[in-house]
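Q: Here you go, one structure.
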Amino acid sequence: MDILLHIFNIIAFSLLFLFMIFSFCILKTYAGKSLKDPSYPPVDGTVFTRIFYFKRFYDYQTEVARKQPTFRVLSPGESDIYTTDTRNIEHVLKLNFNKYSKGVYNQDVMTSLLGQGIFVVDGDKWRQQRKLASFEFSTRVLRDFSCGVFRTNAAKLVKAVSEFAVAGRDILMRCTLDSIFKVGFGVDLNCLDGSSREGTEFMKAFDESNALVYWRFVNPFWKLKRFFNIGSEASLKNNIKIIDNFVHKLISTKRNLLALQQDSNDKEDILSRFLLASEKDPEQMTDKYLRDIILSFIIAGKDTSAGTLSWFFYMLCKNPLIQEKIAQEVRDIIGTTEQETNTIDDFVTKITDEKLEQMHYLHAALTETLRLYPAVPVDGRCAEMDDTLPDGFKVKKGDGVYYMAYAMGRMDYIWGDNAEEFRPERWLKNGIFQPESPFKFVAFHVPSMDFLSRLSSPFFFTAFSVILAFSILGILARRSQKKHERIKYHPIGGTVFNQLLNFNRLHHYMTDLAGKHKTYRLISPFRNEIYTSDPANVEYMLKTNFENYGKGWYNYNILRDLLGDGIFTVDGDKWREQRKVSSYEFSTKVLRDFSSVVFRKNVAKLAHVVLEASNSNQTINIQDLFMKSSLDSIFKVAFGVELDSMCGSSEEGTHFSNAFDDASAMTLWRYVDLSWQIKKYLNIGSEAMLKKNIEVVDNFVYKLIHSKIEQMHNPQDYSSIKKEDILSRFLQVTETDPKYLRDIILNFIIAGKDTTATSLSWFIYVLCKHPTVQEKVAQEVKQAMSITDITNFNELADGIREEALEKMRYLHAAITETLRLYPAVPVDAKICFSDDTLPDGFSVRKGDMVSYQPYAMGRMKFIWGDDAEEYKPERWLDENGEFQKESPFKFTAFQAGPRICLGKEFAYRQMKIFSAVLLCCFEFKLSNDKKPVNYRTMINLHIDGGLNVLAFHRREN
Ligand code: HEM
């Protein structure tokens, strides 16, 4: 009892304690803040309410600033005043500079990491560091040295981007850190290529410390945590230890080195220069002091530059025309030609101060990026005494006054009606860059950027950005000028980054582009990607010049672990040989008859599952059922073995089908996971899983193959077994190499499973959307089979013979129309093997990716007429109701030319048998008509989240 009482007391006291803290905070937040006094800025909530907007904090501030240029946020201490009024900013940062400081609070938060560095201190300490730093940063030695470092690292970055395709914020961060580190300490950190373990550890610790220090601003209990050395504060302490060890080691090594090279001129980096200065004032400039100075410098240079560059690239992706314009400016000014600049290193050495100064448009675009995405979105000072701002609002001693650089960039009253648009032109007059008032454009006013711009304003920051950005663009530009000056390439629709930005609506995005250009290019760092919806080009690449377009090494490399040397992965002779044998087999009557039997049996099984759901009025995920049933069908046809993934009766079968699905998904994942080869080498993550799944698939498949081979060698068994399935047929045709058989058969399974299942799912979807078509199909099926009893599914399925299927022309048209609008393979890419010119007169280069796009093509008015986007089975029928074929270069769902889908007839037969039985017996409706149905961006056009329908018994008549 005593124990219970103790526990109760502890809980009660803890709650009371928390309640008291809470009440105290509320009291401190609201008391003495002159809430009703209009001479203070209006109040917009408290720091606590800010937590709700944490993720979209700067956008939230922008919304408030639109209504009220200056406002107050209450906190348990003083108030925080936020402003976008340029007069206030000038007042705080310039006219009354001495009345405002960093403030005790900010210093408190940042001292652990940045010690007594320039970011943290005020007054004399700041003045002294500033003087020394300004002098050092303006020297020619440092300027030349830093530019050399930027060039080297930019060249390294470009190589990294071209080799590994890992552009993005992370790589820019690494590159910037390497540069700042080399300039700061004269040491190669090599974060970019990860070759220095210590460097990488330092970077990690540095990044984590940064984040943890920032976290202090929102975590009111950080001091308590620091006291107990727990949680985030304990990690911060550990990270700072790693940083300190690293930096102190560097300082002492550098000191020793300097002592040895007294006469050498090699003292270009900042640390060496500060060490020289420290010899004159050893008492003040201790190692600790040097560490603080240098770390502040690194923090100033790293995230700000890298972040801005990332936004810059983002804006260029969003504005391809501006990207092209900048690239043109660089080309014109640098004057690159192929003969002169063969390598990235050549290119970067050509970028001189003078050339940079001429790049006004680039400078404008970078500045415009900073206007909209300032590296430090909010910054401010703390009032050291009571004051009144120019807009008339009063400030109390201790209040923070913050200027909102991010919000300011979006204010109409500062930048005009188009404030939110990215328009480099606003900075140019007659093509010459025009600076703005620094109190309007505050991005460089924040200490960090000011610090940076000081380095050698305006050259330093711009130089780095330019070299970096335009080494990449330079290469692209060079490529497009290559060889034959008269050659023309397709218009640019955007970049591959745009595809990433539009990933979830990729086919919509590409359809929009196809509406503008029949054939267009997307720029990628590695090659051009050409997308065409022009039937003439499609015919050329798939048929006329077939030999020049194929899967290529790239696809083979990705697919071969799962699909081996199967028909899907190979080109040339290997492909020809398989195609020949497979085409023969697929056209035999034996296989045709056998597959029809399988389809009939499986659809009857499926109909029973639908019936059960229908009887209990349950929603059915019909896509899921089609997937299972298609796998069972193709498996049976391939191996002659029942997998029964539909009912899950075979444990081994279920295990196989799960492993096969996972292995397929992970193989596809390789197309977007750029690190898959490293993962494969280390056997980790998705690659380790892929390996395991392939093992499961292989064990199962090889067991089947070996048992079939054994049966073949046993004369008794041989005569008794039926040789209808693909495996037995291939075994008969002499082939007995298990690996070869495995590859061939797995390729059929992958080809036949998802394609048919997704097409059937979209078919049911369009029928739900067009009930009259659904009704018409059902009537046609009934008439074609002249049936009356639709309750016996087995009998019904059994009655669907070739002749009946032939009569179902409307069904054939309705399925074809579905495939026109929802092709199972929405985009299909080939690699161009040698330079070529397409029928439209534009050229493609060796290594370019050329894709035809069945999804976009199905929606093009110039191919299908004004009603291209409408679902109309009638467009496939003539006046007598006969099915009219279309050119396979217009209707590309099954590809065309020598590599046209081998299973086309097989797939139609399956889809028709399945639809005939299901539609004859049931009427389908979407379970939720309001819920939008969309695709999921994958190789096949899956319905995102499946297709949920309700099935109702169809009346017999
Ligand atoms: C609606 C169903 C189907 C559609 C829309 C479809 C579409 C396609 C497409 C677009 C290709 C070219 C892919 C590439 O570039 O590699 C293709 C190839 C192929 N398809 Fe189909 N397919 C379907 C069903 C099937 C079925 C059921 C099978 C076999 C049982 C099959 C077997 C193949 C094979 C073997 C190839 C490779 C042909 C070659 O490279 O020579 N397909 N199919």
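The values are calculated or read from the model by the stated rules, or taken from the named source; none is laboratory data. Keep in mind that what you see is a predicted model, and the values were worked out from it rather than measured. Using ideal geometry, Cβ is built from the backbone for each residue, glycine included, and neighbour counts are taken over all protein chains shown.
Q: Any chance the range 769-786 includes a residue that's away from the ligand (no atom under 11 Å from the Cβ) and touching a strand residue (DSSP E or B) at 6+ places or on another chain (Cβ under 6 Å)?
A: Within the range 769-786, not a single residue is away from the ligand (no atom under 11 Å from the Cβ) and touching a strand residue (DSSP E or B) at 6+ places or on another chain (Cβ under 6 Å).
Q: Right, next: Residues ASP263, ASP292, ASP303, ASP345: which one is modelled with pLDDT under 70, assigned to a helix (DSSP H, G or I) and over 26 Å from LEU370 (Cα atoms)? Step through it out loud before you land on a result.
A: Working: ASP263 fails: assigned to a helix (DSSP H, G or I); ASP292 fails: modelled with pLDDT under 70; ASP303 fails: over 26 Å from LEU370 (Cα atoms).
Just one listed residue meets the conditions, ASP345.
Listed here are the residues, each with its yes/no results for (1) in contact with a Cys (Cβ under 6 Å, 6 or more places away or on another chain); (2) of a type in the set (Ser, Thr, Tyr); (3) more than 21 Å from LYS776 (Cβ to Cβ).
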| residue | (1), (2), (3) |
| --- | --- |
| GLY847 | no, no, yes |
| LYS861 | no, no, yes |
| GLU869 | no, no, no |
| GLN895 | yes, no, yes |
| CYS901 | no, no, yes |
| VAL933 | no, no, yes |
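Q: Being surrounded by 15 or more Cβ atoms within 10 Å (Cβ to Cβ), of a type in the set (Ser, Thr, Tyr) and within 16 Å of the ligand (Cβ to nearest atom) narrows it down to one residue among THR511, THR532; which is it?
A: Selected residue: THR532, the only one of THR511, THR532 that is surrounded by 15 or more Cβ atoms within 10 Å (Cβ to Cβ), of a type in the set (Ser, Thr, Tyr) and within 16 Å of the ligand (Cβ to nearest atom).
Q: Follow-up. If we keep just the residues of the range 561-574 that are in contact (Cβ under 8 Å) with a residue 12 or more places away in the chain and surrounded by fewer than 20 Cβ atoms within 10 Å (Cβ to Cβ), which is nearest to the ligand (Cβ to nearest atom)? It would help to see each step written out before you state the result.
A: Within the range 561-574, the first condition is being in contact (Cβ under 8 Å) with a residue 12 or more places away in the chain, and the residues that meet it are 561-572.
Still in the running and surrounded by fewer than 20 Cβ atoms within 10 Å (Cβ to Cβ): 561, 564-565, 571-572.
Values: ASP561: 17, GLY564: 14, ASP565: 12, ASP571: 9, GLY572: 12 Å.
Checking each candidate, the answer is ASP571.
Q: Search the range 895-947 for residues being part of a strand (DSSP E or B) and out of contact with any Ser or Thr (no Cβ under 7 Å at 6 or more places or on another chain), and hand back the single one that is nearest to the ligand (Cβ to nearest atom).
A: Once the filter is applied, the top-ranked residue is TYR935.
Q: Restricting the search to the range 929-957, which residues are in contact with a strand residue (DSSP E or B) (Cβ under 7 Å, 6 or more places away or on another chain) and free of Cβ contacts under 8 Å to residues at least 60 places away in the same chain? Explain how you work it out, then say what you get.
A: Taking the range 929-957 as the starting set, the residues that turn out to be in contact with a strand residue (DSSP E or B) (Cβ under 7 Å, 6 or more places away or on another chain) are 933, 935-936, 941-944, 946-954.
If the condition is that a residue be in contact with a strand residue (DSSP E or B) (Cβ under 7 Å, 6 or more places away or on another chain) and free of Cβ contacts under 8 Å to residues at least 60 places away in the same chain, then ARG936, ASP944 are the ones that fit.
Q: Taking ILE523 as meeting all but one of (1) in the same structural domain as CYS832 (by TED's automatic domain parsing); (2) within 14 Å of GLY493 (Cβ to Cβ), write down the number of the exception.
A: Condition not satisfied by ILE523: (1).
Q: Right, another one. Scan the range 639-646 and give yes if some residue there is under 16 Å from LEU727 (Cα atoms), surrounded by fewer than 16 Cβ atoms within 10 Å (Cβ to Cβ), more than 30 Å from the chain's Cα centre (by Cα) and more than 16 Å from the ligand (Cβ to nearest atom), otherwise no.
A: First, pick out the residues of the range 639-646 that are under 16 Å from LEU727 (Cα atoms): 639-643.
Adding the requirement that they be surrounded by fewer than 16 Cβ atoms within 10 Å (Cβ to Cβ) leaves 642.
Adding the requirement that they be more than 30 Å from the chain's Cα centre (by Cα) leaves 642.
Applying the additional criterion that residues be more than 16 Å from the ligand (Cβ to nearest atom) yields 642.
Within the range 639-646, one or more residues are under 16 Å from LEU727 (Cα atoms), surrounded by fewer than 16 Cβ atoms within 10 Å (Cβ to Cβ), more than 30 Å from the chain's Cα centre (by Cα) and more than 16 Å from the ligand (Cβ to nearest atom).
Q: OK, next. Do we find that GLN884 is within 12 Å of the ligand (Cβ to nearest atom) and of a type in the set (S, T, N, Q) in this structure? First the steps, then the outcome.
A: Details: within 12 Å of the ligand (Cβ to nearest atom): no; of a type in the set (S, T, N, Q): yes.
The answer is no for GLN884.
Q: Any idea how many residues of the range 746-761 are under 18 Å from ASP698 (Cα atoms) and more than 10 Å from the ligand (Cβ to nearest atom)?
A: The total comes to 1.
Q: Can you tell me how many residues within the range 752-772 are surrounded by fewer than 22 Cβ atoms within 10 Å (Cβ to Cβ) and of a type in the set (A, V, I, L, M)? Before you say what the answer is, go through the steps one by one.
A: Step one: list which residues in the range 752-772 are surrounded by fewer than 22 Cβ atoms within 10 Å (Cβ to Cβ), which gives 765-766, 768-772.
If we keep only those that are of a type in the set (A, V, I, L, M) as well, we get 766.
The number of residues fulfilling the criteria is 1.
Q: Now, a different point. Hey, could you check the range 817-847 for residues that are buried (at least 21 other Cβ atoms within 10 Å of the Cβ) and of a type outside the set (A, V, I, L, M, F, W, C) and say which is farthest from THR758 (Cα to Cα)?
A: LYS830
Q: Out of the residues in the range 603-635 that are within 24 Å of VAL933 (Cβ to Cβ) and in contact with a Ser or Thr (Cβ under 7 Å, 6 or more places away or on another chain), which is farthest from the ligand (Cβ to nearest atom)?
A: Ranking the qualifying residues of the range 603-635, first place goes to THR619.
Conditions tested, residue by residue: (1) at pLDDT below 95; (2) in a loop (DSSP other than H, G, I, E, B); (3) closer than 28 Å to TYR489 by Cα; (4) within 11 Å of the ligand (Cβ to nearest atom).
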residue: PHE862; (1), (2), (3), (4): no, no, yes, no
residue: ASP866; (1), (2), (3), (4): no, yes, no, no
residue: GLU870; (1), (2), (3), (4): no, yes, no, no
residue: GLU879; (1), (2), (3), (4): yes, yes, no, no
residue: THR892; (1), (2), (3), (4): no, yes, yes, yes
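Q: Same structure, new question: Hey, among the residues in the range 804-836 that are closer than 22 Å to TRP553 by Cα and among the β-branched types (Val, Ile, Thr), which one's nearest to the ligand (Cβ to nearest atom)?
A: Across the range 804-836, the extreme among qualifying residues is VAL825.
Q: Conditions first: (1) within 11 Å of the ligand (Cβ to nearest atom); (2) farther than 21 Å from ILE764 by Cβ. ALA856 passes all but one, so which condition is the exception?
A: Result: ALA856 passes all but (1).
Q: Of all residues in the range 485-500, count the ones that are in contact with a Cys (Cβ under 7 Å, 6 or more places away or on another chain) and either aliphatic (A, V, I, L, M) or in a helix (DSSP H, G or I) (or both). It would help to see each step written out before you state the result.
A: Of all residues in the range 485-500, those in contact with a Cys (Cβ under 7 Å, 6 or more places away or on another chain) come to 495, 497-498.
With either aliphatic (A, V, I, L, M) or in a helix (DSSP H, G or I) (or both) added as a condition, the list becomes 497-498.
Residues that pass the stated criteria total 2.
Q: Would you pick out the residues in the range 207-227 that are surrounded by fewer than 17 Cβ atoms within 10 Å (Cβ to Cβ) and at pLDDT below 75?
A: Result: TYR214, TRP215, PHE217, VAL218, ASN219, PRO220, PHE221.
Q: Okay, next question. So for the range 40-59 (the condition being part of a loop (DSSP other than H, G, I, E, B), over 42 Å from the mean Cα position of the chain (by Cα) and modelled with pLDDT of 75 or more), does at least one residue qualify? Give the steps one after another, and end with the answer.
A: Applying the first criterion (part of a loop (DSSP other than H, G, I, E, B)) to the range 40-59 yields 40-42.
Still in the list and also over 42 Å from the mean Cα position of the chain (by Cα): 40-41.
Checking the rest, the ones that are also modelled with pLDDT of 75 or more come to 40-41.
Yes, the range 40-59 has at least one match.
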